[in-house]
Amino acid sequence: MCGRFVFTIEADQIPQVFKDVHQIHNVVVVLPRHAYKSYNISPTNYSPVLYKNYSKNESGDSKHKGEYIARYMKFGLLPSWAKDQKKFSGYRTFNARKESLKPSSRLWGSYMKHQRCVIPVEGYYEWIHEKTPASKKAKKAQVNKRPYYIRKQEEGKVLFLAGLWSRSELKEKIPSVDKVCGYEDKTSEPLTNEVCSFTIITASAPKQLKWLHERMPIVLEPNSEAWNKWLDVDANESFTQPELEEILKHYDIEDLEWFEVSQEVNNTKNDGKQLIERINSEGDKGTTKKKRKDDISLILPTKKKMKVEDDHATKQEEDERATASKEETHSENEKITEEGGVKEEEK
């Protein structure tokens, strides 16, 4: 999975950084003017999402057609039909499994057509769960969560994770992006009915990283064929399964590195550069090119660890089905109303 990541680039620096480092031109930053940046971004936090502004993506940014839009959105996709944010938890949909991205999907199908995006991150976290047996001091078995940080080896490079985004109109007003991100003046709107949100797409992890987690976010390289096809929603409204497999394939992780960091990151309230500082440990693999004999026990997961990962995957699939079921019920209620049926509140 991918539920925690880092993004600390200032909003007004995004266009220049993306242009100079990644050759991504014509980037326009909208909402907010002051960025929410953090070394510990978790579901319900805001972070920039990059998409290309075309006629079919319902972005509302008509004057920037054909350009890249960097819009700050809420982490954890809120379905477009959701009217009450309190009744829907973004924690259910902060990730979308690649295996679930089918045209017939009740949850992801519509977003796959018009609202594909990438999420820029400087790196992301994953955890190893180690079970400590019960003792005299601790009567119950304890689970020790050891966090690892994964990033590009090259200094200053950003990872772009494939994702989907949604726009929802809520019944009640909520704090605006400007307010949440700490920017308020006479021209800013403190409250709004609109919320844009996103999810990160994951797939089975390559063998080099399965020791850490069974899943890994899909990484797209800027200006690659896969990048262009994914973001051009006008030219590519839908994909066959083989096409999707080719676009959202395993990333060549030879240019990645990973290392253990402080457990301070386990608490979402903690923030700061110290969270991504490397700590010495026997399990530190460093990079894909640096192999150590003492890593063997980590590369070969125990049955208990495999069961934990299977349980996580099953839970995510159940959450997706539950959300999809809500969407189907919502669609059926709308259809009944349109056809002159009885409205929900009148039953």
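The values are calculated or read from the model by the stated rules, or taken from the named source; none is laboratory data. Predicted model only: the values in this text are computed from it and were never measured. Neighbour counts are summed over all protein chains in view; Cβ atoms, including those assigned to glycine, are modelled from backbone coordinates with ideal geometry.
Quick notes on this structure:
Okay, residues lined up against (1) of a type in the set (A, V, I, L, M, F, W, C); (2) under 19 Å from Ile200 (Cα atoms); (3) surrounded by 11 or more Cβ atoms within 10 Å (Cβ to Cβ):
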residue: Gln115; (1), (2), (3): no, yes, yes
residue: Pro120; (1), (2), (3): no, yes, yes
residue: Trp127; (1), (2), (3): yes, yes, yes
residue: Pro133; (1), (2), (3): no, no, no
residue: Lys140; (1), (2), (3): no, no, no
residue: Tyr149; (1), (2), (3): no, yes, yes
residue: Val158; (1), (2), (3): yes, yes, yes
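- Summed over region 90-132, residues that are part of a loop (DSSP other than H, G, I, E, B) and either touching a helix residue (DSSP H, G or I) at 6+ places or on another chain (Cβ under 9 Å) or at pLDDT 80 or above (or both) total 11.
- Annotation note: Cβ proximity below 7 Å between a residue of region 107-124 that is closer than 14 Å to Pro222 by Cα and a residue that is among the polar types (S, T, N, Q) and surrounded by fewer than 24 Cβ atoms within 10 Å (Cβ to Cβ) (sequence gap 6+ or interchain) occurs for Ile119/Ser47.
Yes or no, residue by residue, for (1) touching a Ser or Thr at 6+ places or on another chain (Cβ under 8 Å); (2) crowded, with 20+ Cβ neighbours inside 10 Å:
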residue: Ile201; (1), (2): no, yes
residue: Ser238; (1), (2): no, no
residue: Leu244; (1), (2): no, no
residue: Glu254; (1), (2): yes, no
residue: Glu257; (1), (2): yes, yes
residue: Glu260; (1), (2): yes, no
residue: Gln263; (1), (2): no, no
residue: Asn267; (1), (2): no, no
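- Looking across region 208-249, the residues that are closer than 22 Å to Gly109 by Cα, within 18 Å of the chain's Cα centre (by Cα) and not aliphatic (A, V, I, L, M) come down to Arg215, Pro217, Trp227, Trp230, Lys249.
- Check on Glu58, modelled with pLDDT under 90, acidic (Asp, Glu) and either out of contact with any Phe, Trp or Tyr (no Cβ under 7 Å at 6 or more places or on another chain) or not in a helix (DSSP H, G or I) (or both): yes
- Of all residues making up region 255-281, the number that are more than 14 Å from Lys152 (Cα to Cα), part of a helix (DSSP H, G or I) and out of contact with any Phe, Trp or Tyr (no Cβ under 9 Å at 6 or more places or on another chain): 2
- The residues listed here are Gln142, Gln208; of these, the one that is out of contact with any helix residue (DSSP H, G or I) (no Cβ under 8 Å at 6 or more places or on another chain), at pLDDT 70 or above and not β-branched (Val, Ile, Thr) is Gln142.
- Lone unmet requirement of (1) at pLDDT 80 or above; (2) outside any strand (DSSP E or B); (3) of a type outside the set (Gly, Ala, Ser) for Tyr72: (2)
- Filtered by the rule that a residue be of a type in the set (A, V, I, L, M, F, W, C) and touching a residue at least 40 places away in the same chain (Cβ under 8 Å), region 125-163 gives Trp127, Ile128, Ile150, Val158, Leu159, Phe160, Leu161, Ala162.
- Being at pLDDT below 95 and under 23 Å from Ser38 (Cα atoms) is true of Gly156.
- Leading residue by the ranking (modelled with the lowest pLDDT) among those in region 8-39 that are in contact with a helix residue (DSSP H, G or I) (Cβ under 6 Å, 6 or more places away or on another chain), more than 18 Å from Ser168 (Cα to Cα) and crowded, with 16+ Cβ neighbours inside 10 Å: Ala35
- One residue from Glu221, Glu214, Glu225 being in contact (Cβ under 8 Å) with a residue 40 or more places away in the chain, out of contact with any Cys (no Cβ under 8 Å at 6 or more places or on another chain), surrounded by fewer than 15 Cβ atoms within 10 Å (Cβ to Cβ) and on the phi < 0 side of the Ramachandran plot: Glu221
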